[in-house]
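First comes the structure, then the notes that go with it.
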Amino acid sequence: MTDILRCEAVPLPQLAAEYGTPLYVYSEQALTQAYQQYAHSFTTPNTLICYAVKANSNLSILKHFAQLGSGFDIVSGGELARVLAAGGDASKTIFSGVGKSEAEIEFALQQGILCFNVESLPELDRINTVAFRLGCVAPISLRINPDVDAHTHPYISTGLKANKFGIAYADALMAYQHAAQLPHLHIVGIDCHIGSQLTDLSPLVEALERLLLLVDKLADNGIVLQHIDLGGGVGIVYHNENVPDLAAYAQSIRQHLQGTNLKLILEPGRSLVGNAGMLITRVEYIKKGEQKNFVIVDAAMNDLMRPALYQAYHRIENTTPRPQAPMLVDVVGPICETGDFLAQDRKLAAQTGDILAVMSAGAYAASMASNYNTRPRAAEVMVAGSQHRLIRRRETITELMANERDYV
Ligand code: LLP
């Protein structure tokens, strides 16, 4: 049957039969292509792509990007440990996030990361203190909040004055001057991140322009920067969004950076993995309700939180197309929450036992999974051509209880 949905050359029902469901399935080729698209668009040797680990932190995925030459953007000591375990290079790793603990700062300094993206004055002081204790100098960049509207979902918009992120634009010079006085800090850059799933280039360019104004002002005040970091990548197509053209973004950045000596850092997450993955799930029941029909599947909000959390749209396809007329349905999981849906009001032809593919689930799916309702986290599989291999085995119920067993 040719119309059975595949990942690369492998039919998805075959993966479901072999590894069970729910199951995250990734295409190695799609990962490579997404990375190469960045690498080919941003051709100057002075660009470093730092994959945002939070989007999908599976070791095999990190290893794949490390082998392609990628650096990493981390937000915790745990993510740094993952990067190192996957063979990533600490000297190509930047540490973002508003709440770095002393232990995390110490670990990152010991490993020799590229820089800390610092988000507040007290964080500057803390990094200085830890670096003093370790007898080293910490490379730092300041995350400046450019106060531009990224036009994305409010929960993933980060560059507005009202957000907890970054240092206020008006305070930037003062913050840099403060950093310059701390002997165990070495100022290397400036960074921003205005939000995720951006479908419009203009806020990104606006943020860049605002940062460059600051770079000049800092130079006038004797603070010369080595790099500018523009944060996460462009949005991806989940449904019918128009997404920014990477080449156009690269071109615009190139023009703006012409005549400066600034190196460029980018921290894409979603656009490197989002459309390289899907979540496959088995239909447990078809339930006809009074007002709505439900396709009840074995994946749930604990496997893919995005619909519940951000009203996110994920396309859903039956891996084995059915001839009967589609019904209008909600695709829901077994969790006892009304918010436990993967899709609402979709036309779908499906029957019990069918394997559905929830598309665009490579980013912020497995990495945001939980054990709610004591559901073991799903397995993950990497497909390369006609080959496939388990890259994370399914959790067991015993594992879920392990940390409590000794205390009852
Ligand atoms: N850099 C920083 C500092 C970030 O906070 C993020 C994402 C990125 C880079 C990567 O951004 P991307 O290239 O993926 O747009 N869970 C949400 C997305 C949260 C994004 C958080 N920060 C979702 O599922 O849509």
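The values are calculated or read from the model by the stated rules, or taken from the named source; none is laboratory data. None of these values were measured; they are calculated from a predicted model. Positions of Cβ are backbone-derived with ideal geometry, glycine not excepted, and every protein chain shown enters the neighbour counts. Surface accessibility is based on the protein's heavy atoms, side chains included, excluding ligands, DNA and RNA. Shrake-Rupley method; radii C 1.70, N 1.55, O 1.52, S 1.80 Å.
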TODO: Note down all Cβ pairs under 9 Å where the first residue falls in segment 264-286 and is at pLDDT 95 or above and among the polar types (S, T, N, Q), the second is away from the ligand (no atom under 14 Å from the Cβ) and part of a helix (DSSP H, G or I), and they're at least six residues apart or on different chains.
DONE: N275/A30; T281/A16
Open item on the list: One residue is enough: does segment 328-336 have a residue meeting the conditions under 27 Å from E8 (Cα atoms), out of contact with any His (no Cβ under 6 Å at 6 or more places or on another chain), within 14 Å of the ligand (Cβ to nearest atom) and aliphatic (A, V, I, L, M)?
Closed with: no
Open item on the list: Against the condition in the same structural domain as Y313 (by TED's automatic domain parsing), under 29 Å from R322 (Cα atoms) and not in a strand (DSSP E or B), how does A357 come out, does it pass?
Closed with: no
Open item on the list: Suppose the filter is among the aliphatic types (A, V, I, L, M) and over 19 Å from the mean Cα position of the chain (by Cα); does L201 pass it?
Closed with: no
Open item on the list: For a quick check of your reading of the model, give me the residue pairs whose first member lies in segment 361-378 and is open to solvent by less than 40 Å² (accessible area, probe 1.4 Å), whose second is of a type in the set (F, W, Y) and not in a loop (DSSP other than H, G, I, E, B), with beta-carbon atoms closer than 8 Å and at least 6 apart or on different chains.
Closed with: A361/Y24; G362/Y24; G362/Y26; A365/Y24; A366/Y24; A378/Y24
Open item on the list: Can you list residue pairs whose Cβ atoms sit under 7 Å apart, with the first residue in segment 301-317 being in the same structural domain as D345 (by TED's automatic domain parsing) and the second being more than 11 Å from the ligand (Cβ to nearest atom) and open to solvent by 60 Å² or more (accessible area, probe 1.4 Å)? Count only pairs 6 or more apart in sequence or on different chains.
Closed with: M301/E337; N302/Y372; N302/N373; Y313/H239; R315/H239
TODO: Keeping to segment 333-355, report how many residues are among the β-branched types (V, I, T) and open to solvent by less than 20 Å² (accessible area, probe 1.4 Å).
DONE: 2
Open item on the list: Would you confirm whether or not segment 288-303 contains a residue that is on the phi < 0 side of the Ramachandran plot, surrounded by fewer than 18 Cβ atoms within 10 Å (Cβ to Cβ), among the acidic types (D, E) and in contact with a Pro (Cβ under 8 Å, 6 or more places away or on another chain)?
Closed with: no
Open item on the list: Could you tell me how many of the residues in segment 261-281 are assigned to a helix (DSSP H, G or I) and among the basic types (K, R)?
Closed with: 1
TODO: Being away from the ligand (no atom under 16 Å from the Cβ) and touching a residue at least 40 places away in the same chain (Cβ under 8 Å) is the filter here, so list the residues in segment 206-221 that pass it.
DONE: E206, E209, R210, L212, L214, V215, K217, L218, N221
TODO: Could you tell me whether any residue of segment 16-30 is assigned to a helix (DSSP H, G or I), small (G, A, S) and closer than 30 Å to P334 by Cα?
DONE: yes
TODO: May I ask you to list the residues in segment 115-157 that are aliphatic (A, V, I, L, M) and more than 14 Å from the ligand (Cβ to nearest atom)?
DONE: L121, L124, I127, V130, A131, L134, V137, A138, I140, V148
Open item on the list: When you check E337 against the structure, is it part of a loop (DSSP other than H, G, I, E, B) and outside the structural domain of Q197 (by TED's automatic domain parsing), yes or no?
Closed with: yes
Open item on the list: For segment 225-243: of the residues being in a loop (DSSP other than H, G, I, E, B) and more than 14 Å from the ligand (Cβ to nearest atom), which is least open to solvent (accessible area, probe 1.4 Å)?
Closed with: L225
Task: Options V215, V224, V130; residue that is modelled with pLDDT of 95 or more and farther than 27 Å from N46 by Cα - done: V130
Task: Matching entry among R389, R394 (being over 23 Å from Y238 (Cα atoms), assigned to a strand (DSSP E or B) and of a type outside the set (V, I, T)) - done: R389
Task: Filter pass, A9 being closer than 30 Å to Q251 by Cβ and small (G, A, S) - done: no
Task: Test: residue in segment 54-66 that is within 16 Å of the ligand (Cβ to nearest atom), open to solvent by less than 30 Å² (accessible area, probe 1.4 Å), under 23 Å from N371 (Cα atoms) and small (G, A, S) - done: yes
Task: Answer residue from segment 92-116, given it is open to solvent by 50 Å² or more (accessible area, probe 1.4 Å) and under 14 Å from H227 (Cβ atoms) and is farthest from the chain's Cα centre (by Cα) among those - done: L114
TODO: Could you list, in sequence order, all residues of segment 169-178 that are surrounded by fewer than 21 Cβ atoms within 10 Å (Cβ to Cβ) and closer than 17 Å to I228 by Cα?
DONE: Y169, L173, A175
